[in-house]
Amino acid sequence: QGSKLEIPLWLAKGLHDSKRRIISVELPKIYKEAWRTVFSADANVVDLHKMGPYYYGFGSQLLNFDNPENPEIAQTILQTFISRFRRIMDSSQNAYDEDTSVLVARLDELERALFRAGQKGLNDFQCWEKGQASQITASSLVQNYGKRKFTDMDG
Amino acid sequence: RGSSSRSEAKSGRTDLIFLIRFRHCCLLRNQRCILAYLYDRLLRIRALRWEYGSVLPNTIQFHMSAEEVEWFNRYKKSLATYMRSVGGEEGLDLTQDIKPPKSLYIEVRCLRDYGEFEIDDGTTVLLKKNSQHFLPRWKCEQLIRQGVLEHILS
């Protein structure tokens, strides 16, 4: 009783019970007041990848534990996303055929997935413009297995 | 054992609840991980039907469990039944023309030795590595997806 431990989120969620009070959860520093002011000042400067690559997902899960600061946390997460999204969308649509590692380095995983989706849209469009949209391609699954020799192909 | 644990349960009630909950959490977590893995496999197997064809190469089947093979067969059947029911008398092969076709015939290059290949009018073509051919699109589509042929744009 009274000891402090680090446990994974899934375990904390399973053990948490507002009626029985088995555990209480301490917020990671990035969701606390000090950092929240940084986010509200300018969310675009923060390296969200370094600060815990699942800022949005993990933050949303944190709201499961009855913390009095939950409304502020939720607001901060939402506002952070809103202010960063515009830049992500713009850069994903304008970086064609170049090294995007600098752009992506400071994004958390959710933002990276969005960036990749934007890039895919851009690449597909360029492919269509070049007239390659009708080109049949080998299945990507096959290319992975291509190293092995197929002994009998019944097609 | 029953009576002693019952009295234990009454005195150290909170402790036991904690332990039971902890163990239950771990079991559920393991179950979720396993299900996620199996489900991901299933999604890939389903994708194989669309991207590769209705007959899986032995190297892939070798790595599938019996249940997965059966799932694939049932999915195949389901899909075939559905495709037969759309598009009039002959049905509609939805797995063809995944990319919008521009012409009836296409230029292809052979990526590896495949052997003889018969086209609709009865003639056969010898698919040897690096040979190029001008063939009907619908006959080649599957072979291109399987990596035997390469579609060349003019």
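Read-outs: derived from the displayed coordinates by stated rules, not from any lab. Quick caveat, the model's predicted, so the values are computed rather than measured. Because the Cβ atoms are built from the backbone with ideal geometry, glycine has one as well, and the counts that use them run over all protein chains shown.
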Sum -39500 (n - 2.57) across every DSSP H segment of at least 4 residues in the protein assembly as shown, then divide by the residue count to get the 222 nm mean residue ellipticity, nearest 500. -17000 deg cm²/dmol
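On alpha carbon coordinates alone, what is the Rg over Rh value for the protein assembly as shown, Rh being the Kirkwood radius?
Values: Rg = 28.1 Å, Rh = 25.2 Å.
Taking Rh as the inverse mean 1/r over Cα pairs, Rg/Rh reads 1.11.
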Using the Karplus curve 6.51 cos²θ - 1.76 cosθ + 1.60 with θ = phi - 60°, what ³J(HN,Hα) values do you get for each residue of region B:117-128, in whole Hz, with x for Gly and Pro? 9, 9, 9, 3, 7, x, 6, 10, 10, 8, 8, 10
Given H placed 1.01 Å from N in the peptide plane, which residues other than close sequence neighbours of residue A:107 have an amide H under 5 Å from its amide H? A:49
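Taking R0 as 51 Å, what FRET efficiency do you get between residue B:17 and residue B:104 from their Cβ-Cβ distance, rounded to the nearest 0.05? List each step's numbers first, then the result.
Values: r = 71 Å, r/R0 = 1.40.
Computed FRET efficiency for residue B:17 and residue B:104: 0.10.
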Under 5 Å from the placed amide H of residue B:127, counting only residues 5+ away or on other chains, we find B:114, B:115, B:116, B:117
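Excluding residue B:114 itself, what net charge comes from residues whose Cβ is under 10 Å from its Cβ, given Lys and Arg +1 and Asp and Glu -1? Present the calculation step by step, with values, prior to reporting the outcome.
Numbers: positive: B:112, B:128, B:129; negative: B:113, B:116.
Overall, the nearby charge balance is +1.
Averaged over all directions, how much area does the convex hull of the C-alpha atoms of region B:105-151 cover when projected, in nm²?
On the way: hull surface 10.8 nm².
That works out to 2.7 nm².
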Between residue A:140 and residue A:74, what is the spin-label point distance in nm, taking each point 7 Å from the Cα along the Cα→C-beta axis? 3.6
Tell me, what is the FRET efficiency for residue A:82 and residue B:32 to the nearest 0.05, using R0 = 35 angstrom and their Cβ-Cβ distance as r? 0.65
Checking a compactness column here: for chain B, what do you get for Rg(Cα) / (2.2 N^0.38 Å), N being the number of residues? 1.79
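Once you wrap a convex hull around the alpha carbon atoms of chain A, what is its projected area averaged over all directions, in nm²? Kindly include the intermediate steps, with their values, before the conclusion.
On the way: hull surface 63.0 nm².
Over all viewing directions, chain A projects a mean Cα-hull area of 15.7 nm².
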Going through region B:28-105, which GluC sites (Glu not before Pro) have at most 10 other Cβ atoms within 10 Å and a DSSP loop state? B:89, B:90
Which is farthest toward the positive dipole end of the protein assembly as shown among A:46, B:110, B:45, measuring Cα position about the Cα centre, with Cβ charges +1 (Lys, Arg) and -1 (Asp, Glu)? A:46
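Are any of the pairs B:77/B:129; A:120/B:102; A:4/A:29; A:130/B:139; A:4/A:50 more than 27 Å apart by Cα-Cα distance, and if so, which? Mind dumping the intermediate values first?
Working: B:77/B:129 34 Å; A:120/B:102 23 Å; A:4/A:29 16 Å; A:130/B:139 25 Å; A:4/A:50 25 Å.
Going by Cα-Cα distance, B:77/B:129 fall outside the 27 Å limit.
Using DSSP to call loops (not H, G, I, E or B), can you name the trypsin sites (Lys or Arg not before Pro) in region A:1-42 whose Cβ has at most 10 other Cβ atoms within 10 angstrom?
On the way: sites: A:4, A:13, A:19, A:20, A:21, A:29, A:32, A:36; in loops: A:4, A:19, A:20, A:21, A:32.
Listed in order of number, the matching sites are A:4, A:19, A:21.
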Relative contact order (%) - criterion: Cα under 8 Å, at least six apart; region: chain A: 21
For the pair residue A:32 and residue A:122, the simple spin-label estimate (label points 7 Å beyond Cα toward Cβ) gives in nm 3.9
Per DSSP, the loop-located chymotrypsin sites (Phe, Trp or Tyr not before Pro) within region B:14-93 having at most 11 other beta carbons within 10 Å are B:62
Residues of region B:16-36 with backbone N under 17 Å of the label point set 7 Å from the Cα of residue A:5 along Cα→Cβ are B:16-30
Here the Kirkwood hydrodynamic radius of region B:2-85, Cα-based and in Å, equals 16.6
Quick one: what do you get for region A:1-71 if you divide its Cα Rg by 2.2 N^0.38 Å? 1.22
